[in-house]
Each structure stands twice: as C-alpha cells, then as structure tokens.
1. Report, ordered by the first and then the second residue, all pairs with beta carbons closer than 8 Å, sequence separation of six or more or different chains, a first member in segment 66-90 that is in contact (Cβ under 8 Å) with a residue 24 or more places away in the chain and in the same structural domain as E239 (by TED's automatic domain parsing), and a second member that is among the acidic types (D, E) and buried (at least 22 other Cβ atoms within 10 Å of the Cβ).
2. With segment 143-236 as the region, which strands (runs of 3 or more DSSP E) entirely inside it contain at least 2 residues that are of a type in the set (A, V, I, L, M, F, W, C), crowded, with 24+ Cβ neighbours inside 10 Å and in contact with a Phe, Trp or Tyr (Cβ under 9 Å, 6 or more places away or on another chain)?
3. List pairs: first in segment 228-242 and outside the structural domain of T205 (by TED's automatic domain parsing), second surrounded by fewer than 18 Cβ atoms within 10 Å (Cβ to Cβ) and not hydroxyl-bearing (S, T, Y), Cβ under 8 Å, 6+ apart or cross-chain?
4. For segment 83-122, name all the residues that are in contact with a helix residue (DSSP H, G or I) (Cβ under 9 Å, 6 or more places away or on another chain), modelled with pLDDT under 95 and of a type in the set (A, V, I, L, M, F, W, C).
5. Six or more apart or on different chains, Cβ under 7 Å: which pairs go from a residue in segment 164-178 that's over 18 Å from G211 (Cβ atoms) to one that's modelled with pLDDT of 95 or more? Could you list them?
6. Scan segment 245-258 and report the pairs whose first residue is part of a strand (DSSP E or B) and whose second residue is modelled with pLDDT under 95, with Cβ atoms within less than 6 Å and a gap of 6+ or a chain change.
Amino acid sequence: MKITKMHGLGNSQILVKDLEGNLEKKENLSYNEIARALCDQNYGIGSDQMLIINSSKKADFQMRVFNRDGGEAEMCGNGIRCVAKYLHDRELVGEKISIETLAGIKELRINSENEAKSIDVNMGVGKIIEEEKKVNGFEGTFVSVGNPHFVIFTDEASEDLARKKGPSLEKASEFQPKRTNVEFAKIVSENCLEVYVWERGAGLTLACGTGACATAFASKSLGHTDSEVEVKLLGGSLEVTIDENSEIRMKGPAEYILEGKVFDVSKIHSNL
C-alpha cells in the first residue's frame, strides 16, 4: 500500500489514494481498521488521522476522514488542505478544487505565489446549536461547522487544561452518541484568538482546522472578535474569515513529511 504522510501546522495526516474503491477488499480490513493500524505510533506510522481519497460523482474527488481511534469524522480542515496540495502537485486538479466530504462539498483554491502554497478553503456555513451549554462544570458554546465543537472561552485556556479536561468533555453524556471536539480559547484581541484543541478520536493535536473555524465563528457570534481573525494554535496560525451570511473561510499551509510503502497492514493491525 502506497502512503503519503503530510501535516497542516503539525496536525498529521496519512493520505491513501483508493480511486477504484477496492482497498478494503484487497487488504481484508475496513478503512476503520486500516486507520487504527497506520495511525498507531508503535506498530504503525503514527498520525492524528488517515485520509482516504476516493473518486466522486459530485466533485473532483472525495475525502474520507478516519481518526487514530478508527472513528470516521465528517470533516478535517487541516486534512483537506493536505489533500488539495497532494492532488494539485500531481496535476490531478488545477488551482480551483472541489472535494466531497461528509460535511458537504468544499471549494478550495491553491495560492501558488510561494513554495509553501497556502490554501484557501470555503468551510461552509457555521451554526450555533446551543449558545450557553453547561457540561462537567464548564459553560461553552456548542457549534457545528459540519462537525461538532464545544467551544469554551476562558483566560485559563492552556495545553494542560485541554489535556486534562478534554477527554471527559469529549465523551460527556450530553454529546453522545457522536461525541464532540473541544476547544479552550483565550481572546487575545479583537483580531486574535489563542486556541487549544482536544480532537474527538485523536486527542490533543497541534492544530485543528475545523476547531479554529468553530472558535472564530462562535467568538464573532458572541461579539468577542471581528470577522477576520488569526487563530493561534500549538502548531502555528490559521487565518479565518466569517462573512455576513455566516460562511467561513480558512487559509493555511500544508506540508509533506514522507512518501513510502506499507508492506503488511494486516500484520500491523493484528498487533493492536
């Protein structure tokens, strides 16, 4: 199996192309099982997510997202930028790209003005599900940007707080059965947010694109920040813009780590 490992601000992704849709049959493993095997840091390659690139009848390509625990997510903001760069660099798409996800079709644009190729993503429309939701002693805003996020604004936001409180909030009964992503956010200024993310099914990550968008959307909706903000994450910053129709745009980089071949995924999976 050929794989490419990439990252968006340290949020690591293993990309696997399966345009014919025969990978599961060939490996005698489900996508969920392959993700658990490849993302395992001891027996596999180690990664936050695995991204499957499929053919699509609705868009240029389809992206499916599997977290390191094997669970499938609706969308991955850092991952979709990696997929866009991967496809563009192989001349499979032009500078404008459409990618089908479980959160709908996303439109992307490659900005080729520099080597890093910043990528602009139309993330769709944000939605406040519950403005003042109290869970496990925290009050936050429950937001959907195609996937669920519980955004907590606090001056105490930190990596340590996310690591300690993220797991119980992710799996709290209020968010069952699908669970939720959790963001601890500090308002730095009207144009800047500092965010720490506990990702559903992946744990503490260096960056989360949908988390950055959900936090920026919630912050603007509550009047904390303007429509254009820099979202500072552990792995770097993303630019997020929200228009008057609640449509969210995100801009950020995507980088390669390695390309290679996995010899026996079933052997990896059998060790888990």
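The values are calculated or read from the model by the stated rules, or taken from the named source; none is laboratory data. Keep in mind the model is a prediction, meaning the values are calculated, not measured. We place every Cβ from the backbone using ideal geometry, glycine too, and count neighbours over all the protein chains shown.
1. Here the result reads none, with nothing in segment 66-90 linked to a residue that is among the acidic types (D, E) and buried (at least 22 other Cβ atoms within 10 Å of the Cβ).
2. Those strands (runs of 3 or more DSSP E) span 148-153, 181-189, 192-199.
3. So the pair list comes out empty.
4. Result: I110, single match.
5. Between residues of segment 164-178 that are over 18 Å from G211 (Cβ atoms) and residues that are modelled with pLDDT of 95 or more, the close pairs are E174/V135.
6. Filtered contacts from segment 245-258: K251/S118.
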